[in-house]
Amino acid sequence: KKGKMSIDPLFQIGKVDERIYGSFIEHLGRAVYGGIYEPGHHDAGEDGFRQDVIDLVKELNVPIVRYPGGNMVSGYNWEDGVGPIEERPKKLELAWRVLEPNKVGTNEFAEWAKRANTEVMMAVNLGTRGPDAARNLVEYCNHPGGSYYSDLRVSHGVKQPHRIKTWCLGNEMDGPWQIGHKTADEYGRLAVETAKAMKLVDPTIELVACGSSNIDMPTFPEWEATTLDYTYDEVDYISLHQYYGNTSNDSASYLAKTLEMDRFIATVIATCDYIKAKKRSKKTMYLSFDEWNVWYHSREADKAIEPWTVAPPQLEDVYNFEDALLVGSMLMSFLRRADRVKIACMAQLVNVIAPIMTETGGPSWRQTIFYPFMHVSLYGRGTSLQPVVQTPAYDTNKYTDVPQLDSAVVHNEEEKTLTIFALNRHLHDGLDLEIDVRGFEHYQIVAHTVLEHNDLKAVNTKAYQPVKPHDQGQSTLQDGKLEARLPRASWHVIRLK
Ligand code: AHR
């Protein structure tokens with residue numbers, strides 16, 4: 001099959017906000033305990049943080065990490081996680097029905113974030129709590145000193161404020177599973193009052209209101225409209241969450257799921273703009289896609305986990321090659337709406353539905369999904385361009401007119417690089433792609449990286465990691481015409497300079 005693409009530096013979608021390469025650490029399973037934090041591990045420092053894990057996080061170049069939940073935050077008292085570690089309470093954590101030892105809390109996580117070269121995106125509890133606990137936490141984290149909570153932080157050994165800029169107003173408050181689940185009106189009122197109080201403490205912070213937990217929620221998109229009606233003037237972003245799975249083992253439909261993701265993003269943008277018009281507002285609302293990934297492999301195993309244990313192996317999806325292809329595709333969805341999607345967090349980062357796995361007491365390794373995330377995070381910085389694309393299309397059991405070629409293009413004007421991300425999502429047909437890059441005079445191909453495997457179900461485990469990229473992609477460039485061969489079911493990063 002044949003496809004064509006034409007790229008022009010003037011066809012700009014928008015500047016890529018590097019925070020779309022964010023991630024997420026929740027107090028859940030072995031993300032914190034046995035993941036980022038394992039005192040006594042041979043790779044852990046005095047503070048208990050595993051250096052091997054920090055090194056892998058740095059490889060992914062993650063600029064922001066959401067914390068501490070997730071569903072967990074809706075029952076969390078942040079005060080339990082500060083002060084002398086030995087005095088902290090062990091609590092029943094109701095969202096995941098585990099025992100939370102509170103050995104890691106706000107200050108430890110902020111320290112880890114510094115070491116991992118990333119920023120904290122803090123979520124406040126709007127399930128069991130409200131404006132009072134939230135504004136106290138902002139004071140604890142961001143106020144320099146001379147007030148009760150800022151001095152409490154200083155007394156806990158943290159002199160300088162954390163200056164956390166981005167805050168989530170609760171988590172998935174539209175979901176009946178959420179502790180303190182609310183109607184859109186209840187949430188909208190609570191969120192706007194909490195936002196006001198938090199911004200009174202620190203007017204420099206940015207706030208994310210909860211959108212729907214996924215596109216199939218019965219209240220979507222009315223939830224967004226109502227919530228934004230209350231909060232539009234006080235918040236800066238509305239959140240989106242989405243997980244996919246190939247439960248019916250229909251890989252052709254699975255790899256087309258990002259058509260839904262594009263529609264999800266487009267609908268939320270339309271809803272934001274409807275409220276903007278209704279309010280005669282000049283302000284544009286941005287999107288924070290702060291939970292996204294593949295999540296389905298571990299669902300059965302999780303049912304057998306004993307409640308009220310510390311850090312059981314929950315949500316430990318072992319990802320295969322086709323999951324990596326879908327993850328690349330999801331990242332391209334964000335790039336295509338770089339004008340509005342300003343934050344996105346792969347959920348999650350370590351052990352829990354994660355690109356990085358560890359063995360407690362043992363090594364760490366890269367899951368299949370690590371690679372497309374790393375590629376787009378490293379090379380997808382600059383300005384997202386709108387290519388003109390001609391591609392064959394086909395039908396799957398679930399979708400019609402699925403484009404065989406899924407793509408996104410990023411031009412970095414400072415570094416004078418052009419990166420073409422491409423997925424041939426067809427399971428059987430290769431694609432010969434001709435790309436017109438005449439607008440990029442003197443650029444040459446510097447690398448053509450490919451992630452491919454003949455088994456869609458191939459996985460990376462501690463013992464063996466067969467799914468990894470190579471640089472032997474087939475492409476040539478002459479007189480502004482780039483020709484690339486995209487074998488069936490393969491992920492490509494073609495870099496020009
Ligand atoms: O990331 C796992 C869970 O998925 C989060 O706790 C919750 O917000 C979502 O439902």
Item to check | Computed helical MRE - 222 nm, the chain, DSSP H runs ≥ 4 contributing -39500 (n - 2.57), nearest 500 | outcome: -7500 deg cm²/dmol
Next on the checklist: Given contacts defined as C-alpha pairs under 8 Å and at least six residues apart, what's the relative contact order of region 199-265, whole-number percent?
Outcome noted: 35
Checklist entry - Under 16 Å from the Cα of Lys114, which lysines turn up, not counting those fewer than eight places away in the same chain? => result Lys58, Lys159, Lys165
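For region 275-399, which whole-number percentage of the solvent-accessible area (1.4 Å probe, protein heavy atoms only) is attributable to carbon and sulfur atoms?
On the way: 2210 of 4230 Å².
Carbon plus sulfur share of accessible area: 52 percent.
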Checklist outcome for this item: Cross-link reach from Lys468 to aspartates and glutamates, straight Cα distance under 16 Å and at least 8 residues apart if same chain, gives Glu59, Glu322, Asp323, Glu452, Asp455
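Hey, got a sec? Which chymotrypsin sites (Phe, Trp or Tyr not before Pro) in region 108-211 land in a DSSP loop and have at most 11 other Cβ atoms within 10 Å? Please report the intermediate quantities before stating the final value.
Numbers: sites: Phe109, Trp112, Tyr140, Tyr148, Tyr149, Trp167, Trp177, Tyr187; in loops: Trp177.
Here the chymotrypsin sites (Phe, Trp or Tyr not before Pro) that fit, given the DSSP loop and packing criteria, are Trp177.
Could you please report the charge total around Val53, scoring K, R as +1 and D, E as -1 over all other residues with beta-carbon less than 9 angstrom from its beta-carbon?
Numbers: positive: Arg50; negative: Glu38, Asp43, Asp52, Asp55.
Summing Lys and Arg as +1 and Asp and Glu as -1 gives -3.
Express the relative contact order of the chain as a whole percentage, based on alpha carbon pairs under 8 Å and six or more residues apart in sequence.
Details: 1175 pairs, mean separation 98.6, N = 497.
Over the chain, the number comes to 20 percent.
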Next on the checklist: Can you give the Rg/Rh ratio of region 295-384, where Rg is from the C-alpha atoms and Rh is the Kirkwood radius?
Outcome noted: 1.04
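Taking each pair of different alpha-carbon atoms in region 268-311 once, compute 1/r for the pair, average those values, and report the inverse of that mean as the Kirkwood hydrodynamic radius in Å to one decimal. Mind showing how you got there, number by number?
Numbers: mean 1/r = 0.0686 Å⁻¹.
Over region 268-311, the inverse of the mean reciprocal pair distance is 14.6 Å.
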Item to check | Environment charge at Thr368 (Cβ cut-off 12 Å; Lys +1, Arg +1, Asp -1, Glu -1) | outcome: -2
Checklist entry - Relative to the longest principal axis of the chain, what angle (0 to 90°, nearest 10) does the C-alpha long axis of helix 131-142 take? => result 80
Checklist entry - Can you give the Kirkwood hydrodynamic radius of region 143-233 from its Cα pairs, in Å with one decimal? => result 14.7
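Just need the Rg to Rh number for the chain, please, alpha carbons only, Kirkwood Rh.
On the way: Rg = 22.5 Å, Rh = 23.3 Å.
Using Cα coordinates only, the ratio equals 0.97.
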Checklist entry - So how far, in whole Å, is the C-alpha centre of region 234-288 from the one of region 393-465? => result 23
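Using the heavy atoms of the protein chains and a 1.4 angstrom probe, tell me the accessible area per residue for the chain in square angstrom.
Numbers: 19340 Å² over 497 residues.
Here the residues of the chain average 39 Å² of exposed surface.
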Checklist entry - Relative to the longest principal axis of the chain, what angle (0 to 90°, nearest 10) does the C-alpha long axis of helix 321-336 take? => result 80
Checklist outcome for this item: Long-range share for region 348-424, i.e. C-alpha pairs more than 20 Å apart as a percent of all pairs, stands at 54
Checklist entry - Over region 17-111, with a single point scatterer placed on each C-alpha, what log10 of the ratio I(q)/I(0) does the Debye formula yield at q = 0.12, 0.20, 0.23, 0.24 1/Å? => result -0.39, -1.06, -1.30, -1.37
Item to check | Which listed pairs, of Lys199/Lys279; Lys257/Lys462; Lys90/Lys303, have C-alpha distances above 26 Å, in listed order | outcome: Lys257/Lys462
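Can you tell me what the convex hull of the Cα atoms of region 227-359 projects to on average, as an area in nm²? Can you show the working numbers first?
On the way: hull surface 40.5 nm².
Seen from a random direction, the Cα hull of region 227-359 projects 10.1 nm² on average.
If you rank Leu28, Leu92, Leu477 by how much accessible surface each has, with a 1.4 Å probe, what is the order from largest down?
Working: Leu28 5, Leu92 105, Leu477 40 Å².
Heavy-atom accessible area, descending, gives Leu92, Leu477, Leu28.
If you take every residue apart from Met346 with its C-beta less than 13 Å away from the C-beta of Met346, what net charge results, scoring Lys and Arg +1 and Asp and Glu -1?
Working: positive: Arg19, Arg66; negative: Glu26, Asp290, Glu291, Asp317, Asp323.
So the environment of Met346 carries a net charge of -3.
Does region 389-497 classify as rounded, prolate or oblate by the C-alpha gyration tensor (a ≥ b ≥ c root eigenvalues; a/c under 1.5 gives rounded; else a/b over b/c gives prolate, otherwise oblate)?
On the way: a/c = 2.23, a/b = 1.32, b/c = 1.70.
It is oblate, given that a/c is not under 1.5 and a/b is not larger than b/c.
Cα convex hull of region 92-201: mean projected area in nm², to one decimal?
On the way: hull surface 30.3 nm².
The orientation-averaged projected area of the Cα hull of region 92-201 comes to 7.6 nm².
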Next on the checklist: What percentages make up the Cα-Cα pair-distance distribution of region 127-171 when the bins are 10 Å wide from 0?
Outcome noted: 29, 48, 22, 0
Checklist entry - Going by alpha carbons, how many degrees (0 to 90, nearest 10) lie between the helix axis of 51-60 and the longest principal axis of the chain? => result 50
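With a cut-off of 8 Å between alpha carbons and a minimum separation of six or more residues, what is the relative contact order of region 409-487 in percent?
On the way: 100 pairs, mean separation 28.1, N = 79.
Value for region 409-487: 36 percent.
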Checklist entry - Among all the lysines, which ones have a C-alpha under 19 Å from Lys416's C-alpha, if same-chain residues fewer than 8 places away are not counted? => result Lys15, Lys481, Lys497
Checklist outcome for this item: The base-10 log of I(q)/I(0) that the Debye equation returns for region 228-296 at q = 0.12, 0.18, 0.23 Å⁻¹, one scatterer per C-alpha, is -0.42, -0.72, -0.96
Checklist outcome for this item: Note to self: C-alpha centroids of region 91-131 and region 6-63 sit apart, in Å, by 16
Item to check | Heavy-atom accessible area order for Ser150, Ser248, largest first, 1.4 Å probe | outcome: Ser248, Ser150
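The values are calculated or read from the model by the stated rules, or taken from the named source; none is laboratory data. Just so you know, these numbers come straight off a predicted model, no measurement behind them. Please note: Cβ atoms are built from the backbone with ideal geometry, for glycine as well, and neighbour counts cover all protein chains shown. Side chains are part of the model used for accessible areas, which takes the heavy atoms of the whole protein and leaves out ligands, DNA and RNA. Shrake-Rupley method; radii C 1.70, N 1.55, O 1.52, S 1.80 Å.
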